[in-house]
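Please read the structure below before turning to the comments.
The values are calculated or read from the model by the stated rules, or taken from the named source; none is laboratory data. In this text the structure is predicted, and so the values were computed from the model without any measurement. When we count neighbours, we look across all protein chains shown, and the Cβ atoms used for this are built from the backbone with ideal geometry, even at glycine. These area figures cover heavy atoms from the full protein model, side chains too; ligands, DNA and RNA do not enter into them. Shrake-Rupley method; radii C 1.70, N 1.55, O 1.52, S 1.80 Å.
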Amino acid sequence: MPFMKGREPIRRTLRYLNAGKLVLKDKVRIFSVNYNTYGDHHAGARDFVFWNIPQVQFKNPEVQVLTMKNMTPSPFVRCYFDDGRDMLIDIDSRNKDEIIAHLVQVVGKTREQLDAEARLKESKDNPANFGYGCDRHCICEIPGQMPCPGTVPLPEQMRGKFKFAPK
């Protein structure tokens, strides 16, 4: 498979991307990480960028994620909000697990918010749903759809009995 080439291809699998813990709040518009490619106190920031930035991008498609290398003496994360404010978060001499835990606590959504959004997402009041417990019993009640085969027979070319029968 061509996507399984390169350094640590596990980072590009859907299962790995869905396992991300950091879902940013709705007010965050830009998420920026500044770090250097050398130095011991930047090691956690380098690991965070390598392992967790793809998950952050996958979980937050509406947020612009920036990484800036070799522009700062100490590593930090800067979050820009939709009202013009910004927040600086120091990640100097922390490992990637400490960084992700701190970011979840400071700019991440709480577990209750994520559960409430998941419940709303799977709510049954969607007009496209049909069946028992929904507004429509069958898709044939929607204008422009085929009528039910129980009331109006299907054309013979749409039935397998005639379509696949030997001639």
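Any residue in region 140-167 that is in the same structural domain as Asn129 (by the TED database) sitting within a Cβ distance under 9 Å of a residue that is open to solvent by less than 90 Å² (accessible area, probe 1.4 Å) and among the polar types (S, T, N, Q)? List the pairs, counting only those 6 or more apart or interchain.
Partner pairs satisfying both residue conditions: none exist.
Could you check how many residues of region 56-82 are assigned to a loop (DSSP other than H, G, I, E, B) and of a type in the set (A, V, I, L, M)?
As a first pass, look at region 56-82 and keep what is assigned to a loop (DSSP other than H, G, I, E, B): 60-63, 70-75, 82.
From the residues that got through so far, the ones that are of a type in the set (A, V, I, L, M) too are 63, 71.
Qualifying residue count for the region: 2.
May I ask you to say which residue of Asp26, Asp40 is more than 22 Å from the chain's Cα centre (by Cα) and either among the charged types (D, E, K, R) or not assigned by the TED database to the domain that holds Pro75 (or both)?
Result: Asp40 is the single residue among Asp26, Asp40 that is more than 22 Å from the chain's Cα centre (by Cα) and either among the charged types (D, E, K, R) or not assigned by the TED database to the domain that holds Pro75 (or both).
Could you check how many residues of region 106-159 are closer than 30 Å to Val28 by Cβ and either among the basic types (Lys, Arg) or not in a loop (DSSP other than H, G, I, E, B) (or both)? Break it down into steps so the answer makes sense when it comes.
First, the residues of region 106-159 that are closer than 30 Å to Val28 by Cβ: 106-123, 125-126.
If we keep only those that are either among the basic types (Lys, Arg) or not in a loop (DSSP other than H, G, I, E, B) (or both) too, we end up with 106-109, 111-121.
The number of residues fulfilling the criteria is 15.
Can you tell me which residue in region 98-122 is nearest to the chain's Cα centre (by Cα), limited to those that are farther than 28 Å from Leu88 by Cβ and open to solvent by 80 Å² or more (accessible area, probe 1.4 Å)? Break it down stepwise before answering.
In the first step, residues of region 98-122 are kept if they are farther than 28 Å from Leu88 by Cβ; the result is 115-116, 118-122.
With the extra rule that they be open to solvent by 80 Å² or more (accessible area, probe 1.4 Å), the set shrinks to 119-122.
Working: Arg119: 16, Leu120: 16, Lys121: 13, Glu122: 16 Å.
Across region 98-122, the extreme among qualifying residues is Lys121.
Any idea which of Val49, Val28 is surrounded by 11 or more Cβ atoms within 10 Å (Cβ to Cβ) and either in contact (Cβ under 8 Å) with a residue 40 or more places away in the chain or polar (S, T, N, Q) (or both)? Step through it out loud before you land on a result.
Details: Val49 fails: either in contact (Cβ under 8 Å) with a residue 40 or more places away in the chain or polar (S, T, N, Q) (or both).
Exactly one residue qualifies, and that residue is Val28.
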